[in-house]
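Colleague: One structure coming up, written as structure tokens, with questions to follow.
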Amino acid sequence: MIEAHQDEIGPFAAQITVTAITSDREGAVTDILISYRPDAILALGAVVFTLPAGFTATTTDTLNGTTLLSSQISNNGGRVTLGLTLDLLGLAQFDLLLKAKPLPAAGTYRFRAENTLLFLGSQGVAETDFAVEVDSLAYVTNNLDSTVSVVRLMSGTSVQTITGITFPAGLIDTLNGSFVYVTNLITNLVSVIDTTNNTVVQSIPVGISPIRLAVSPNGAFIYAVNRDSGSVSVIDTATNTVTATIAVANSINGAAITPSGTLLYVTNSVENKVHVISTVTNTVIQTIQVGFSPIALAITPNGQRVYVLNSGDSTITVISTPTNTVVQTIVGIGSSPQGIAITASGSFAYISSLNTSEVLVLNITTNTVTTTFPVGNGPNGIAFSSDGTKGAVTNYYDGTVTVFDIVTNTVLHTISVGAGPFDVVVK
């Protein structure tokens with residue numbers, strides 16, 4: 001439960017608390033409990049709840065467990081009145097439950113309750129502020145119409161379409177969420193989007209056909225994987241300039257960096273290898289043979305394992321990072337898997353299966369698929385919200401993004417975006 005802060009109004013003063021039962025993010029549909037404690041002897045008159053704009057009481061709601069009457073609701077649902085009778089004067093608390101209400105736009109909302117008296121005004125006035133938090137925003141590259149879509153995960157709605165990018169592919173956000181970096185596959189640029197106004201503020205020349213990005217744990221560097229020049233461009237995020245170019249091999253694509261920030265792993269889909277790069281020296285220090293056509297990879301939060309997704313033979317190669325050796329090959333991973341993301345707990349990996357249009361859930365402890373669920377046509381990139389409750393996967397062939405619940409592994413929303421949605425990042 002998410003509870004509002006109670007104003008500091010003294011130990012014996014009236015009190016009001018506001019609790020959103022399931023979520024405090026804008027667009028969420030949740031029950032809202034408003035509890036009023038007069039902390040004084042009530043006088044005949046009424047207990048009155050005043051709701052801020054954006055919150056409305058109806059006859060489906062309850063007060064102390066009893067369904068509201070239309071006569072108790074006024075001010076277009078913004079006020080609820082309970083006339084006091086002698087049997088109610090001894091109550092210590094009054095609970096107004098608003099049922100299944102969509103939360104309004106992010107912001108601070110003030111709730112009020114009081115004991116109104118006939119001809120004498122009010123006593124026991126209590127007020128408190130309730131904060132509605134910003135919904136998680138997902139940024140989606142649409143590489144067939146050269147746009148980036150911005151969508152809300154909670155409400156399942158489209159917010160904005162960003163232009164000024166050519167055939168966008170991979171993208172990543174900075175740690176503070178202020179900027180999103182996007183590869184331009186054809187123009188050999190990495191574009192920088194300012195998330196405060198969702199505009200492209202800079203474009204950085206890199207190698208040929210930049211396809212994927214990785215960010216260092218401290219946010220200081222972005223690594224751009226240049227597929228057709230066989231190199232990785234190192235971008236200093238303080239200056240947005242390339243400070244180093246690492247020679248690797250042709251046909252490299254996916255990239256992931258260890259939590260320590262010292263090792264960058266890059267897939268090579270033609271040679272069926274993973275290249276290990278030291279970010280200290282910006283050189284390749286080892287090459288590991290994996291499955292057929294490795295396309296993406298993810299690293300466990302403890303940094304001990306790399307999960308390499310091999311799209312050509314629908315397997316996962318598991319690499320031990322202390323030794324950089326293959327410790328297991330997991331078979332039967334969908335059909336042409338494309339994207340992989342590991343939960344913050346390190347318990348599960350979520351994998352998009354392009355040809356079967358589903359997401360597979362892999363138990364990291366047993367390295368077995370525990371469940372699958374259907375999504376859109378041609379799922380590709382996959383990412384999680386910062387609070388770890390929701391995921392998003394791009395569906396390349398039908399121009400949508402599927403939002404799913406990580407706890408129940410069920411689909412929440414399907415959002416229309418641009419043509420050919422490729423990758424997704426959530427901030």
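The values are calculated or read from the model by the stated rules, or taken from the named source; none is laboratory data. All of these numbers come straight from a predicted model, not from anything done at the bench. With ideal geometry, Cβ positions are generated from the backbone for all residues, glycine too; neighbour counts draw on all protein chains shown.
Colleague: Looking at the stretch 63-83, can you tell me whether even one residue there is in contact with a Lys or Arg (Cβ under 6 Å, 6 or more places away or on another chain) and of a type outside the set (D, E, K, R)? Break it down into steps so the answer makes sense when it comes.
Modeller: Step one: of the stretch 63-83, the residues in contact with a Lys or Arg (Cβ under 6 Å, 6 or more places away or on another chain) are none.
The answer is no; no qualifying residue exists.
Colleague: Criterion first (closer than 30 Å to Pro379 by Cβ and not in a strand (DSSP E or B)) does Ile165 satisfy it?
Modeller: Answer is yes for this residue.
Colleague: Can you tell me which condition Asp145 does not meet? The list is (1) of a type in the set (D, E, K, R); (2) more than 24 Å from Tyr397 (Cα to Cα); (3) surrounded by fewer than 20 Cβ atoms within 10 Å (Cβ to Cβ), and all the others hold.
Modeller: The number of the failed condition is (2).
Colleague: Quick one: would you say Asn272 is surrounded by 21 or more Cβ atoms within 10 Å (Cβ to Cβ), modelled with pLDDT of 95 or more and polar (S, T, N, Q)? First the steps, then the outcome.
Modeller: Working: surrounded by 21 or more Cβ atoms within 10 Å (Cβ to Cβ): no; modelled with pLDDT of 95 or more: yes; polar (S, T, N, Q): yes.
Taking the combined requirement at face value, the residue does not satisfy it.
Colleague: Show me the strands (runs of 3 or more DSSP E) found entirely inside the stretch 75-138 where at least 1 residues are among the basic types (Lys, Arg) and within 23 Å of Gly45 (Cβ to Cβ).
Modeller: Details: elements: 79-83, 94-102, 107-117, 121-132.
Answer list for the stretch 75-138: 79-83, 107-117.
Colleague: To continue, here is another question. With more than 24 Å from Ser231 (Cβ to Cβ) and in contact (Cβ under 8 Å) with a residue 24 or more places away in the chain as the only criterion, which of Ser345, Ser293, Ser335, Ser320 stands out? Explain how you work it out, then say what you get.
Modeller: Values: Ser293 fails: more than 24 Å from Ser231 (Cβ to Cβ); Ser335 fails: in contact (Cβ under 8 Å) with a residue 24 or more places away in the chain; Ser320 fails: in contact (Cβ under 8 Å) with a residue 24 or more places away in the chain.
Criteria check complete, one pass: Ser345.
Colleague: Just to be sure, is Asp135 buried (at least 18 other Cβ atoms within 10 Å of the Cβ) and of a type in the set (Asp, Glu)?
Modeller: On the way: buried (at least 18 other Cβ atoms within 10 Å of the Cβ): yes; of a type in the set (Asp, Glu): yes.
The answer is yes for Asp135.
Colleague: Within the stretch 167-185, can you find the residues that are modelled with pLDDT of 95 or more and of a type in the set (Val, Ile, Thr)?
Modeller: Ile172, Val180, Val182, Thr183
Colleague: If I go through the stretch 62-95 residue by residue, how many of them are out of contact with any Gly (no Cβ under 9 Å at 6 or more places or on another chain) and either outside the structural domain of Asn115 (by TED's automatic domain parsing) or not polar (S, T, N, Q) (or both)? Break it down stepwise before answering.
Modeller: Within the stretch 62-95, the subset out of contact with any Gly (no Cβ under 9 Å at 6 or more places or on another chain) is 62-71, 73-82, 85-94.
From what is left, the residues that are either outside the structural domain of Asn115 (by TED's automatic domain parsing) or not polar (S, T, N, Q) (or both) are 63, 65, 68-69, 73, 77-80, 82, 86-92, 94.
Total meeting the criteria: 18.
Colleague: Could you list, ordered by first residue, the pairs with Cβ atoms under 9 Å in which the first is in the stretch 392-409 and without any contact (Cβ under 8 Å) to a residue 24 or more places away in the chain and not assigned by TED's automatic domain parsing to the domain that holds Val148 and the second is part of a loop (DSSP other than H, G, I, E, B) and of a type in the set (Ser, Thr, Tyr), at least 6 apart or interchain?
Modeller: Once the first residue is without any contact (Cβ under 8 Å) to a residue 24 or more places away in the chain and not assigned by TED's automatic domain parsing to the domain that holds Val148 and sits in the stretch 392-409, no partner that is part of a loop (DSSP other than H, G, I, E, B) and of a type in the set (Ser, Thr, Tyr) comes close enough.
Okay, residues lined up against (1) within 18 Å of Ser209 (Cα to Cα); (2) touching a residue at least 12 places away in the same chain (Cβ under 8 Å); (3) part of a loop (DSSP other than H, G, I, E, B):
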position	(1), (2), (3)
Thr239	no, no, yes
Asn250	yes, yes, yes
Asn253	yes, yes, no
Ile277	no, yes, no
Val284	no, yes, no
Leu309	no, yes, no
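Colleague: Here's something else I'd like to know. Does Leu98 count as closer than 25 Å to Ala57 by Cβ and either in the same structural domain as Asp398 (by TED's automatic domain parsing) or crowded, with 22+ Cβ neighbours inside 10 Å (or both)? First the steps, then the outcome.
Modeller: Numbers: closer than 25 Å to Ala57 by Cβ: yes; either in the same structural domain as Asp398 (by TED's automatic domain parsing) or crowded, with 22+ Cβ neighbours inside 10 Å (or both): yes.
When the stated conditions are applied, Leu98 passes them.
Colleague: I want to confirm something. Restricting to the stretch 194-224 and keeping residues that are in contact (Cβ under 8 Å) with a residue 24 or more places away in the chain, on the phi < 0 side of the Ramachandran plot and out of contact with any Ser or Thr (no Cβ under 8 Å at 6 or more places or on another chain), which single residue is surrounded by the most Cβ atoms within 10 Å (Cβ to Cβ)? Even if it seems obvious, please write down each step before you answer.
Modeller: Looking only at the stretch 194-224, we keep the residues that are in contact (Cβ under 8 Å) with a residue 24 or more places away in the chain, and these are 195, 198-200, 202, 204-207, 209-219, 221-224.
Then keep just the ones that are on the phi < 0 side of the Ramachandran plot; that gives 195, 199-200, 202, 204-207, 210-218, 221-224.
Imposing the further condition that a residue be out of contact with any Ser or Thr (no Cβ under 8 Å at 6 or more places or on another chain) reduces the set to 199, 205, 214, 218.
On the way: Thr199: 13, Pro205: 13, Ala214: 22, Asn218: 9.
My answer is Ala214.
Colleague: Which condition breaks for Tyr350 when tested against (1) assigned to a strand (DSSP E or B); (2) of a type in the set (Ser, Thr, Tyr); (3) surrounded by fewer than 16 Cβ atoms within 10 Å (Cβ to Cβ)?
Modeller: Here Tyr350 clears every test but (3).
Colleague: Another question, then. Leu103 fails exactly one of the following numbered conditions: (1) under 19 Å from the mean Cα position of the chain (by Cα); (2) surrounded by fewer than 19 Cβ atoms within 10 Å (Cβ to Cβ); (3) farther than 30 Å from Ile204 by Cβ. What is the number of that condition?
Modeller: Only one criterion in (1) under 19 Å from the mean Cα position of the chain (by Cα); (2) surrounded by fewer than 19 Cβ atoms within 10 Å (Cβ to Cβ); (3) farther than 30 Å from Ile204 by Cβ is unmet by Leu103, namely (2).
Colleague: Suppose we keep only residues that are part of a loop (DSSP other than H, G, I, E, B) and in contact (Cβ under 8 Å) with a residue 40 or more places away in the chain within the stretch 139-156. Which one would you say is nearest to Ala169 (Cα to Cα)? Working first, answer last.
Modeller: Step one: filter the stretch 139-156 for residues part of a loop (DSSP other than H, G, I, E, B), giving 143-146, 153-156.
Those left that are additionally in contact (Cβ under 8 Å) with a residue 40 or more places away in the chain: 143-145, 153-156.
Working: Asn143: 6, Leu144: 10, Asp145: 11, Leu153: 21, Met154: 24, Ser155: 25, Gly156: 22 Å.
Taking the candidates together, the pick is Asn143.
Colleague: Is there a residue in the stretch 361-374 that is crowded, with 23+ Cβ neighbours inside 10 Å and either of a type in the set (Val, Ile, Thr) or within 18 Å of Phe422 (Cα to Cα) (or both)?
Modeller: Here is the first cut: in the stretch 361-374, the ones crowded, with 23+ Cβ neighbours inside 10 Å are none.
For the stretch 361-374, residues crowded, with 23+ Cβ neighbours inside 10 Å and either of a type in the set (Val, Ile, Thr) or within 18 Å of Phe422 (Cα to Cα) (or both): absent.
Colleague: Just a yes or no: is a residue in the stretch 227-248 on the phi < 0 side of the Ramachandran plot and in contact with a His (Cβ under 8 Å, 6 or more places away or on another chain)?
Modeller: Our first condition is that a residue be on the phi < 0 side of the Ramachandran plot; within the stretch 227-248, this holds for 227-229, 231-239, 241-248.
Within this subset, residues satisfying the condition of being in contact with a His (Cβ under 8 Å, 6 or more places away or on another chain) are 248.
Within the stretch 227-248 (the criterion being on the phi < 0 side of the Ramachandran plot and in contact with a His (Cβ under 8 Å, 6 or more places away or on another chain)), the answer is yes, since at least one residue qualifies.
Colleague: For the stretch 58-67, check the following and say yes or no: at least one residue is surrounded by fewer than 19 Cβ atoms within 10 Å (Cβ to Cβ), at pLDDT below 95 and within 23 Å of Thr85 (Cα to Cα).
Modeller: Looking only at the stretch 58-67, we keep the residues that are surrounded by fewer than 19 Cβ atoms within 10 Å (Cβ to Cβ), and these are 58-60, 62, 64-67.
So of that shortlist, the ones also at pLDDT below 95 come out as none.
No.
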